[in-house]
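Trainee: Below is the structure I would like to discuss, written out as C-alpha coordinates.
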Amino acid sequence: MTRTLLTIGHGYSAQALVRHLRRQGGWRFIATTRSPEKAAKLQDEGQEAMIWPGEDLAGALAQATHVLSSVSADADGDPVLRALAPALAKEAPRLEWVAYLSTTGVYGDHDGDWVDEDTPLNPSTPRGRGRKEAEAAWQSIPGLPLHIFRLAGIYGPGRGPFAKVRAGTARRIIKPGQVFSRIHVEDIAQTLAASIAAPRPGGIYNLCDDEPAPPQDVIAHAAELLGMKVPEAIPFDEAELSAMARSFYAESKRVRNDRIKTELGVTLRYPDYRSGLSALLKEEDQTG
(Lines give C-alpha, C1' and ligand atoms only; values in the text may rest on other atoms or scores of the structure.)
Protein backbone atom coordinates (compact mmCIF):
# COMPACT_ATOMS: atom_id res chain seq x y z
CA MET A 1 0.00 0.00 0.00
CA THR A 2 1.29 3.46 -0.88
CA ARG A 3 2.21 5.62 2.08
CA THR A 4 1.90 9.40 1.95
CA LEU A 5 4.45 11.75 3.49
CA LEU A 6 3.42 15.36 4.12
CA THR A 7 6.47 17.59 4.59
CA ILE A 8 5.65 20.99 6.05
CA GLY A 9 8.51 23.34 5.30
CA HIS A 10 10.12 21.34 2.51
CA GLY A 11 13.70 22.40 3.13
CA TYR A 12 17.15 20.86 2.86
CA SER A 13 16.59 17.93 5.25
CA ALA A 14 13.11 17.11 3.97
CA GLN A 15 14.40 17.06 0.39
CA ALA A 16 17.09 14.57 1.40
CA LEU A 17 14.51 12.33 3.10
CA VAL A 18 12.29 12.35 0.01
CA ARG A 19 15.23 11.33 -2.19
CA HIS A 20 15.96 8.48 0.25
CA LEU A 21 12.35 7.25 0.38
CA ARG A 22 11.88 7.56 -3.36
CA ARG A 23 14.61 4.97 -3.82
CA GLN A 24 12.56 2.60 -1.65
CA GLY A 25 9.41 3.07 -3.70
CA GLY A 26 5.80 2.94 -2.53
CA TRP A 27 5.58 6.57 -1.44
CA ARG A 28 3.45 9.57 -2.35
CA PHE A 29 4.85 12.97 -1.40
CA ILE A 30 3.01 16.20 -0.56
CA ALA A 31 5.27 19.16 0.20
CA THR A 32 4.69 22.73 1.26
CA THR A 33 6.67 25.73 0.09
CA ARG A 34 6.22 29.49 0.31
CA SER A 35 7.06 30.17 -3.32
CA PRO A 36 5.09 29.41 -6.52
CA GLU A 37 8.41 28.94 -8.34
CA LYS A 38 9.52 26.30 -5.86
CA ALA A 39 6.09 24.69 -6.02
CA ALA A 40 6.44 24.34 -9.78
CA LYS A 41 9.88 22.78 -9.33
CA LEU A 42 8.49 20.28 -6.81
CA GLN A 43 5.73 19.34 -9.24
CA ASP A 44 8.33 18.76 -11.94
CA GLU A 45 10.16 16.43 -9.54
CA GLY A 46 7.04 14.31 -9.06
CA GLN A 47 5.77 15.74 -5.80
CA GLU A 48 2.45 17.35 -5.02
CA ALA A 49 3.15 20.91 -3.93
CA MET A 50 1.12 23.33 -1.82
CA ILE A 51 1.76 27.00 -1.10
CA TRP A 52 1.84 27.49 2.66
CA PRO A 53 1.17 29.73 4.46
CA GLY A 54 -1.78 30.22 2.16
CA GLU A 55 -3.54 27.01 1.23
CA ASP A 56 -5.48 24.98 3.79
CA LEU A 57 -3.40 21.94 4.81
CA ALA A 58 -6.21 20.05 6.54
CA GLY A 59 -7.10 18.12 3.40
CA ALA A 60 -3.50 17.09 2.80
CA LEU A 61 -3.13 16.07 6.44
CA ALA A 62 -6.24 13.89 6.15
CA GLN A 63 -4.55 12.00 3.32
CA ALA A 64 -1.14 11.68 4.98
CA THR A 65 0.13 8.62 6.81
CA HIS A 66 3.39 10.33 7.81
CA VAL A 67 4.11 13.97 8.66
CA LEU A 68 7.41 15.84 8.91
CA SER A 69 7.55 19.44 10.14
CA SER A 70 10.72 21.50 10.09
CA VAL A 71 9.15 24.96 10.33
CA SER A 72 10.86 27.30 12.79
CA ALA A 73 8.97 28.84 15.67
CA ASP A 74 8.24 32.55 15.49
CA ALA A 75 7.48 35.13 18.16
CA ASP A 76 3.99 33.67 18.61
CA GLY A 77 5.02 30.01 18.77
CA ASP A 78 4.85 27.25 16.17
CA PRO A 79 2.98 28.41 13.05
CA VAL A 80 2.22 24.84 11.99
CA LEU A 81 0.41 24.14 15.26
CA ARG A 82 -1.46 27.45 15.05
CA ALA A 83 -2.85 26.22 11.74
CA LEU A 84 -3.15 22.49 12.34
CA ALA A 85 -3.25 21.58 16.05
CA PRO A 86 -6.96 20.61 16.06
CA ALA A 87 -6.59 18.68 12.80
CA LEU A 88 -3.49 16.89 14.12
CA ALA A 89 -5.38 15.90 17.27
CA LYS A 90 -8.24 14.59 15.13
CA GLU A 91 -5.95 12.60 12.83
CA ALA A 92 -3.58 11.39 15.58
CA PRO A 93 -5.07 7.87 15.97
CA ARG A 94 -4.71 7.26 12.22
CA LEU A 95 -1.24 8.68 11.62
CA GLU A 96 1.66 6.22 11.59
CA TRP A 97 4.58 8.61 12.20
CA VAL A 98 4.99 12.29 12.94
CA ALA A 99 8.35 14.02 13.25
CA TYR A 100 9.36 17.47 14.43
CA LEU A 101 12.84 18.68 13.50
CA SER A 102 14.28 20.63 16.42
CA THR A 103 17.82 21.70 17.28
CA THR A 104 20.54 20.74 19.75
CA GLY A 105 20.36 24.42 20.69
CA VAL A 106 17.62 23.44 23.17
CA TYR A 107 20.35 22.18 25.52
CA GLY A 108 22.04 25.57 25.82
CA ASP A 109 25.67 26.10 26.77
CA HIS A 110 27.62 23.33 28.54
CA ASP A 111 31.16 24.72 28.31
CA GLY A 112 32.17 21.93 25.93
CA ASP A 113 30.80 19.10 28.09
CA TRP A 114 28.72 16.23 26.72
CA VAL A 115 24.93 16.26 26.51
CA ASP A 116 22.43 13.54 25.58
CA GLU A 117 18.67 13.32 25.09
CA ASP A 118 18.08 13.22 28.85
CA THR A 119 20.01 16.43 29.55
CA PRO A 120 17.67 19.14 30.91
CA LEU A 121 16.78 21.76 28.34
CA ASN A 122 18.26 25.17 29.07
CA PRO A 123 18.53 27.15 25.82
CA SER A 124 20.29 30.50 25.94
CA THR A 125 19.29 31.86 22.51
CA PRO A 126 15.89 33.00 21.24
CA ARG A 127 16.04 30.32 18.53
CA GLY A 128 16.71 27.60 21.10
CA ARG A 129 13.97 28.83 23.40
CA GLY A 130 11.50 28.87 20.52
CA ARG A 131 12.34 25.29 19.61
CA LYS A 132 12.03 24.16 23.25
CA GLU A 133 8.55 25.68 23.47
CA ALA A 134 7.59 24.17 20.11
CA GLU A 135 8.73 20.71 21.22
CA ALA A 136 6.47 20.98 24.28
CA ALA A 137 3.55 22.15 22.16
CA TRP A 138 3.90 19.22 19.77
CA GLN A 139 4.18 16.84 22.73
CA SER A 140 0.95 18.20 24.19
CA ILE A 141 -1.20 16.85 21.34
CA PRO A 142 -2.77 13.68 22.76
CA GLY A 143 -2.12 10.40 20.96
CA LEU A 144 0.17 11.89 18.33
CA PRO A 145 2.87 9.37 17.25
CA LEU A 146 5.49 12.08 17.68
CA HIS A 147 9.24 11.75 17.22
CA ILE A 148 11.53 14.69 17.97
CA PHE A 149 14.88 14.98 16.23
CA ARG A 150 17.36 17.50 17.61
CA LEU A 151 19.71 18.42 14.76
CA ALA A 152 23.27 19.64 15.09
CA GLY A 153 24.82 21.91 12.45
CA ILE A 154 23.80 20.60 9.02
CA TYR A 155 26.15 20.35 6.06
CA GLY A 156 26.09 18.52 2.76
CA PRO A 157 26.00 19.19 -1.00
CA GLY A 158 25.81 22.94 -1.54
CA ARG A 159 26.35 23.56 2.17
CA GLY A 160 30.01 22.86 2.70
CA PRO A 161 32.95 25.20 3.40
CA PHE A 162 34.67 24.74 0.04
CA ALA A 163 33.08 27.68 -1.78
CA LYS A 164 34.17 30.14 0.91
CA VAL A 165 37.66 28.65 1.07
CA ARG A 166 38.02 28.95 -2.70
CA ALA A 167 36.71 32.51 -2.64
CA GLY A 168 39.08 33.49 0.15
CA THR A 169 36.21 34.48 2.45
CA ALA A 170 36.45 31.55 4.89
CA ARG A 171 37.55 32.60 8.37
CA ARG A 172 39.12 30.55 11.13
CA ILE A 173 37.59 32.20 14.19
CA ILE A 174 39.24 31.02 17.39
CA LYS A 175 37.29 30.93 20.63
CA PRO A 176 39.18 28.78 23.17
CA GLY A 177 37.22 25.71 24.19
CA GLN A 178 34.57 26.18 21.49
CA VAL A 179 33.27 22.99 19.88
CA PHE A 180 30.29 22.26 17.65
CA SER A 181 28.56 19.05 16.65
CA ARG A 182 27.60 18.51 13.01
CA ILE A 183 25.57 16.14 10.85
CA HIS A 184 25.68 15.37 7.13
CA VAL A 185 22.26 15.74 5.51
CA GLU A 186 22.37 12.19 4.13
CA ASP A 187 22.74 10.89 7.69
CA ILE A 188 19.70 12.94 8.66
CA ALA A 189 17.77 11.30 5.84
CA GLN A 190 18.82 7.76 6.68
CA THR A 191 18.01 8.28 10.38
CA LEU A 192 14.55 9.63 9.65
CA ALA A 193 13.95 6.68 7.31
CA ALA A 194 15.09 4.27 10.03
CA SER A 195 12.62 5.86 12.43
CA ILE A 196 9.82 5.54 9.88
CA ALA A 197 10.68 1.84 9.58
CA ALA A 198 10.66 1.36 13.36
CA PRO A 199 8.43 4.04 14.94
CA ARG A 200 8.80 4.70 18.67
CA PRO A 201 6.19 7.35 19.51
CA GLY A 202 7.56 9.69 22.14
CA GLY A 203 11.12 9.08 20.98
CA ILE A 204 13.63 11.91 21.10
CA TYR A 205 16.88 11.62 19.14
CA ASN A 206 20.01 13.69 18.75
CA LEU A 207 21.19 13.84 15.17
CA CYS A 208 24.92 14.51 15.03
CA ASP A 209 28.11 12.72 14.05
CA ASP A 210 30.66 11.08 16.34
CA GLU A 211 33.20 13.89 16.54
CA PRO A 212 32.36 17.35 17.83
CA ALA A 213 35.13 19.69 16.74
CA PRO A 214 36.25 23.32 16.83
CA PRO A 215 34.99 25.20 13.76
CA GLN A 216 38.48 26.35 12.80
CA ASP A 217 39.57 22.73 12.40
CA VAL A 218 36.88 22.13 9.80
CA ILE A 219 37.93 25.18 7.76
CA ALA A 220 41.58 24.16 7.98
CA HIS A 221 40.82 20.63 6.78
CA ALA A 222 38.73 21.94 3.88
CA ALA A 223 41.63 24.15 2.79
CA GLU A 224 44.05 21.24 3.02
CA LEU A 225 41.75 19.04 0.91
CA LEU A 226 41.70 21.77 -1.73
CA GLY A 227 45.47 22.19 -1.57
CA MET A 228 45.01 25.81 -0.56
CA LYS A 229 46.54 27.93 2.17
CA VAL A 230 44.84 27.56 5.54
CA PRO A 231 43.12 30.86 6.40
CA GLU A 232 44.72 32.87 9.16
CA ALA A 233 43.29 32.57 12.66
CA ILE A 234 41.13 35.42 13.96
CA PRO A 235 40.49 35.73 17.71
CA PHE A 236 36.77 35.63 18.46
CA ASP A 237 36.89 38.97 20.26
CA GLU A 238 38.26 40.62 17.12
CA ALA A 239 35.93 38.95 14.60
CA GLU A 240 33.17 40.91 12.92
CA LEU A 241 30.15 38.63 13.17
CA SER A 242 26.43 38.99 12.57
CA ALA A 243 24.11 38.63 15.55
CA MET A 244 23.09 35.21 14.26
CA ALA A 245 26.69 34.01 13.86
CA ARG A 246 27.64 35.37 17.28
CA SER A 247 24.72 33.52 18.86
CA PHE A 248 26.14 30.19 17.63
CA TYR A 249 29.36 30.92 19.47
CA ALA A 250 27.40 31.62 22.68
CA GLU A 251 27.04 27.88 23.24
CA SER A 252 29.64 25.11 23.32
CA LYS A 253 28.79 21.46 23.85
CA ARG A 254 29.50 17.95 22.66
CA VAL A 255 26.36 16.05 21.66
CA ARG A 256 25.99 12.29 22.06
CA ASN A 257 24.28 10.25 19.34
CA ASP A 258 24.17 6.78 20.98
CA ARG A 259 20.38 6.54 20.81
CA ILE A 260 20.09 6.60 17.01
CA LYS A 261 22.52 3.69 16.96
CA THR A 262 21.04 1.57 19.74
CA GLU A 263 17.32 2.20 19.06
CA LEU A 264 17.30 2.72 15.29
CA GLY A 265 20.33 0.70 14.23
CA VAL A 266 21.88 3.62 12.36
CA THR A 267 25.45 3.38 11.10
CA LEU A 268 26.54 6.85 10.10
CA ARG A 269 27.80 7.20 6.56
CA TYR A 270 29.86 10.21 7.64
CA PRO A 271 30.88 9.74 11.29
CA ASP A 272 33.15 12.81 11.31
CA TYR A 273 33.71 16.00 9.34
CA ARG A 274 36.77 14.58 7.57
CA SER A 275 34.85 11.74 5.92
CA GLY A 276 31.98 14.10 5.14
CA LEU A 277 34.15 16.76 3.53
CA SER A 278 36.08 14.20 1.50
CA ALA A 279 32.81 12.82 0.13
CA LEU A 280 31.55 16.30 -0.72
CA LEU A 281 34.71 17.15 -2.61
CA LYS A 282 34.61 13.86 -4.50
CA GLU A 283 31.00 14.53 -5.46
CA GLU A 284 31.93 18.03 -6.66
CA ASP A 285 34.70 16.58 -8.81
CA GLN A 286 32.32 14.03 -10.35
CA THR A 287 29.54 16.52 -11.09
CA GLY A 288 31.60 19.60 -11.89
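Trainee: Can you tell me which residue within segment 228-268, out of those that are of a type in the set (A, V, I, L, M) and without any contact (Cβ under 8 Å) to a residue 24 or more places away in the chain, is nearest to ASP217 (Cα to Cα)?
Mentor: In this case the residue turns out to be ALA245.
Residue-by-condition table, conditions (1) outside any strand (DSSP E or B); (2) among the aliphatic types (A, V, I, L, M); (3) modelled with pLDDT under 95:
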residue	(1), (2), (3)
LEU101	no, yes, no
VAL106	yes, yes, no
GLU135	yes, no, no
GLY143	yes, no, no
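Trainee: Answer yes or no as to whether ARG259 is in contact with a His (Cβ under 8 Å, 6 or more places away or on another chain), among the basic types (Lys, Arg) and either closer than 27 Å to HIS147 by Cα or surrounded by 14 or more Cβ atoms within 10 Å (Cβ to Cβ) (or both).
Mentor: no
Trainee: So, one more: Restrict the check to segment 68-81 and report whether at least one residue is at positive phi, surrounded by 17 or more Cβ atoms within 10 Å (Cβ to Cβ) and over 16 Å from the mean Cα position of the chain (by Cα).
Mentor: No, segment 68-81 has no match at all.
Trainee: Can you confirm whether segment 209-229 contains a residue that is part of a strand (DSSP E or B), open to solvent by 30 Å² or more (accessible area, probe 1.4 Å) and farther than 23 Å from THR103 by Cβ?
Mentor: Within segment 209-229 (the criterion being part of a strand (DSSP E or B), open to solvent by 30 Å² or more (accessible area, probe 1.4 Å) and farther than 23 Å from THR103 by Cβ), the answer is no, since none of the residues qualifies.
Condition check ((1) charged (D, E, K, R); (2) under 21 Å from the mean Cα position of the chain (by Cα); (3) more than 29 Å from LEU21 (Cβ to Cβ)) across all residues:
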{"position": "GLN190", "(1), (2), (3)": "no, yes, no"}
{"position": "CYS208", "(1), (2), (3)": "no, yes, no"}
{"position": "PRO214", "(1), (2), (3)": "no, yes, yes"}
{"position": "ALA222", "(1), (2), (3)": "no, no, yes"}
{"position": "LEU226", "(1), (2), (3)": "no, no, yes"}
{"position": "GLU232", "(1), (2), (3)": "yes, no, yes"}
{"position": "THR262", "(1), (2), (3)": "no, yes, no"}
{"position": "LEU277", "(1), (2), (3)": "no, yes, no"}
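Trainee: Can I ask one more? Scan segment 145-167 for residues that are open to solvent by 20 Å² or more (accessible area, probe 1.4 Å), part of a strand (DSSP E or B) and hydrophobic (A, V, I, L, M, F, W, C) and jot them down.
Mentor: Correct list: ILE154 only.
Trainee: Same structure again: Filter segment 18-29 down to residues that are part of a helix (DSSP H, G or I) and open to solvent by 30 Å² or more (accessible area, probe 1.4 Å), then give me how many there are.
Mentor: 5
Trainee: Separate question: Identify, please: which residue in segment 30-61 is among the small types (Gly, Ala, Ser) and surrounded by fewer than 13 Cβ atoms within 10 Å (Cβ to Cβ) and is, among those, farthest from LYS90 (Cα to Cα)?
Mentor: ALA40
The values are calculated or read from the model by the stated rules, or taken from the named source; none is laboratory data. Nothing here was measured: the structure is a model prediction, and the numbers come from that model. Note that each Cβ is placed from the backbone with ideal geometry, even for glycine, and that neighbours are counted across all protein chains shown. Note: areas computed on protein heavy atoms with side chains; ligands, DNA, RNA excluded. Shrake-Rupley method; radii C 1.70, N 1.55, O 1.52, S 1.80 Å.
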